[in-house]
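The values are calculated or read from the model by the stated rules, or taken from the named source; none is laboratory data. Owing to the predicted nature of the structure, the values given are computational and were not obtained by experimental measurement. A quick note on method: Cβ atoms are made from the backbone with ideal geometry, for glycine too, and the neighbour counts reach across all protein chains shown.
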Amino acid sequence: MDKVIDIEPVKVDAELMSAWCGEMGDIELSPKLLFDLQQILKYYAEFLVPDKEVEIDYPVEDMPPCASVDKTQVHIPLNMLLEGKVDNAISSVIHELHHIKYSDGENRICSRIFPFIHKILKTIETEYCGNKTSVWDVIQAQNPVTSREVIERTSRNQYAGFLYELFGDLFLLMNAVEDVRIDEKQPENLLKYRMKHEKECYENFVNALDTGVLEQDSFHSLLMRALFHYKNHTRDTEVEQMPLKFHHIVDAKPKAYVKRTMRSFAKAIQEHAGSMWKAFQEESGTSAIDEFLAGEYFSDEDGKAESCESLELDIKDSSDCKDIDSDAVDFVRYTFGEDDMTAFFDQAKIERDKDTRDRLVLSQGMWSEIEAFRSIQHIICEEPLEYFANGINYDTLIVDCVK
């Protein structure tokens, strides 16, 4: 659901941006500053991704909802601007521009994830209408699901919400690894934005661990620990022992590290998926149609859970998995997830008749105020005068009402 906002005046943290705009001092957020910010980011797009037409926009009410690598579209994050964090907003957009330049699109990434979802869910055992079977087979018995349906979020399977959530989490994992790779490619003159922003993100993560918002051994905690380990903000002994090493990430193309990443995180994913399934079962229960499908689909040997040698996973009963902490999960998903990932989580909530998070969008009125500056032309004039040998110089502002 969209939450329409107007940007209120707030003191901005734009220390690094001031190198472009001159000494900014104690200034407040305004339509003019938002216009200047957009122009700077469009300039960055032109030299960072010169071979693509990239749209740099604010999310605005009644406009398309989701920024996308596939669509070469980036949204300037309003949540940061509401807090006056202009430098962090610039960092975020620079990061997304590098995704557009170096990363595969969402559809390709997701298509690589789907086979691993199959393998992992096949190792998780669950009880379904009196049968001991794998989670994967329960889902497929109801209505076979394809990768395309999950990627496009069009599945009619009753477990679609569960799949969307799990898919989004694995997408979040792959994106974290890809973040390490693409951020290493940033030009030196832009690293100051990244380092300032990363330091704050790491401090927020440590605070979440210290205050108990996140558990140290949860899937999402491990994901973030790995991210900051590979980015050299901390040294994590568990991550150090994984098959996935820093050089495997930065010296490879995206598809080359998928298997190694999944093998490194397989046990954590299995535990997390089992926890999610247990919660989903408790919430949804079984129906008469489930009983019918169980009788039609399963024989004594059909649908049995199986270990997976390639991922080094034994069979795990979902009832043995930890209870999931929904608040902690949502904290990571919506704090560190990007638009194309959070779309999976939002759709999962819709499938389960739960409230989705509000998407911040600018009001049309605020957008019009920002766009108005596009019509202003600044012209430096020189005028010769009889009594002044050098003439006079002056600035003229013209409002072009034709634009």
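Every residue, every condition in (1) outside the structural domain of residue 199 (by TED's automatic domain parsing); (2) more than 28 Å from the chain's Cα centre (by Cα); (3) among the aliphatic types (A, V, I, L, M), yes or no:
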{"residue": "98", "(1), (2), (3)": "yes, no, no"}
{"residue": "114", "(1), (2), (3)": "no, no, no"}
{"residue": "119", "(1), (2), (3)": "no, no, no"}
{"residue": "124", "(1), (2), (3)": "no, no, yes"}
{"residue": "127", "(1), (2), (3)": "no, yes, no"}
{"residue": "133", "(1), (2), (3)": "no, yes, no"}
{"residue": "136", "(1), (2), (3)": "no, no, no"}
{"residue": "148", "(1), (2), (3)": "no, no, no"}
query: Restricting attention to segment 225-257, which residues are crowded, with 19+ Cβ neighbours inside 10 Å and of a type in the set (Gly, Ala, Ser)?
result: 226
- request: Examine segment 73-89 for a residue that is touching a residue at least 40 places away in the same chain (Cβ under 8 Å), crowded, with 16+ Cβ neighbours inside 10 Å and of a type in the set (D, E, K, R), and state whether such a residue exists.
  value: yes
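A quick yes/no check of all residues on (1) within 15 Å of residue 342 (Cβ to Cβ); (2) in contact with a Gly (Cβ under 6 Å, 6 or more places away or on another chain); (3) modelled with pLDDT of 85 or more; (4) not in a loop (DSSP other than H, G, I, E, B):
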{"position": "53", "(1), (2), (3), (4)": "no, no, yes, no"}
{"position": "62", "(1), (2), (3), (4)": "no, no, no, no"}
{"position": "65", "(1), (2), (3), (4)": "yes, no, no, no"}
{"position": "70", "(1), (2), (3), (4)": "no, yes, no, no"}
{"position": "81", "(1), (2), (3), (4)": "no, no, yes, yes"}
{"position": "90", "(1), (2), (3), (4)": "no, no, yes, yes"}
{"position": "97", "(1), (2), (3), (4)": "no, no, yes, yes"}
field: Residue within segment 152-163 that is in the same structural domain as residue 249 (by TED's automatic domain parsing), of a type outside the set (Asp, Glu) and out of contact with any helix residue (DSSP H, G or I) (no Cβ under 6 Å at 6 or more places or on another chain) present
entry: yes
statement: With criteria (1) under 17 Å from the mean Cα position of the chain (by Cα); (2) assigned by TED's automatic domain parsing to the domain that holds residue 187; (3) at pLDDT 85 or above, residue 75 comes up short on (2)
task: Please indicate, with yes or no, whether at least one residue in segment 111-127 is of a type in the set (Lys, Arg) and in contact with a Leu (Cβ under 8 Å, 6 or more places away or on another chain).
output: yes
task: Return the pairs, sorted by first residue and then second, in which the second residue is surrounded by fewer than 17 Cβ atoms within 10 Å (Cβ to Cβ) and of a type in the set (D, E, K, R), the first residue lies in segment 360-378 and is more than 17 Å from residue 7 (Cβ to Cβ), the beta carbons are less than 6 Å apart, and the residues are 6+ apart or on different chains.
output: 375/400; 375/403; 377/400
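A quick yes/no check of all residues on (1) buried (at least 22 other Cβ atoms within 10 Å of the Cβ); (2) out of contact with any Lys or Arg (no Cβ under 7 Å at 6 or more places or on another chain); (3) in a helix (DSSP H, G or I):
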residue	(1), (2), (3)
115	no, yes, yes
167	yes, yes, yes
179	no, yes, yes
185	no, yes, no
task: State all residues of segment 128-144 that are more than 19 Å from residue 282 (Cβ to Cβ) and not in a helix (DSSP H, G or I); if no residue qualifies, say none.
output: 143, 144
